[in-house]
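Below you'll find the structure, written out as structure tokens, and then a few comments.
No lab work stands behind these numbers, since they all come straight from the coordinates. Everything quoted here is computed from the prediction, not taken from an experiment. Neighbour counts run over all protein chains shown; Cβ positions are idealised from the backbone, glycine included.
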Amino acid sequence: MQLRPCSNCGKLFYSNTGAVRCSACVTTKFEEIKQLTKFFTYKQDATIQEAKEKLNIDEKNIISYLREEKIELPPLSEDGIECKRCGKIIKTGKYCNPCKAELINGFNAGIRKEEKQEVKAKMRFLDYDNSRFKRKIK
Ligand SMILES: [Zn+2]
Ligand SMILES: [Zn+2]
């Protein structure tokens, strides 16, 4: 059990599961996401401003739900959020699809590099052993 401030309302609460929001805010968030999903499903050209006014939800919250991919702006909406990498307008998440693919590839390349380095390190170790062995023979 750890006492920490809620990331949303700032109220202190006991977090035993690593939660960053107090239970009241978790419930609110859940309700807001449900309302937004419904609104965006029925109104295919809804904007963030409309959702904010109709549902009385903070614009800041709507954008954070979009970034978290909890909700998605409808296809006909004029609104969008910017890809954090290239600035292209997207309907949900942090990155556009091409950037996402590149980031995943980059990530995999990073892993492959690490693996190679590990193999090299092992080979160096073997070389060292061999040379010691040779010296022993002489
Ligand atoms: Zn809270
Ligand atoms: Zn992008």
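What is segment 8-106 by shape, rounded, prolate or oblate, if you read a ≥ b ≥ c off the alpha carbon gyration tensor as root eigenvalues and call it rounded for a/c under 1.5, prolate for a/b larger than b/c, and oblate otherwise? Before the final figure, lay out each step's value.
Details: a/c = 2.48, a/b = 1.23, b/c = 2.02.
Oblate, since a/c reaches 1.5 and b/c is not below a/b.
By other beta-carbon atoms within 10 Å, ranking ARG67, ARG112 with the fewest at the front produces ARG112, ARG67.
Placing pseudo-labels 7 Å out from each Cα toward the beta carbon at THR28 and GLU118 gives an inter-label distance of 4.5 nm.
Paramagnetic label reach from LEU55 (point 7 Å along Cα→Cβ; backbone nitrogen cut-off under 19 Å): within segment 83-111, residues 90-94.
Within a Cβ distance under 15 Å of LYS11, other residues only, what is the Lys/Arg minus Asp/Glu net charge?
On the way: positive: ARG4, ARG21, LYS29; negative: none.
Net charge in that neighbourhood comes out at +3.
For the listed peptides 87-93, 71-77, 104-110, a ranking on the average number of other beta carbons within 10 Å per residue, highest first, reads 71-77, 87-93, 104-110.
Local charge for LYS29 was computed over the other residues whose Cβ lies under 9 Å away, with Lys and Arg +1 and Asp and Glu -1, and equals 0. Pairs of lysines in segment 1-60 whose Cα atoms sit within less than 18 Å of one another amount to 14, provided the residues are eight or more positions apart or on different chains. Report the local net charge at GLU78: Lys and Arg +1, Asp and Glu -1, summed over other residues whose C-beta lies under 13 Å from its C-beta. With Lys, Arg at +1 and Asp, Glu at -1, the net is -1.
For the listed peptides 29-36, 3-10, a ranking on the average number of other beta carbons within 10 Å per residue, highest first, reads 29-36, 3-10.
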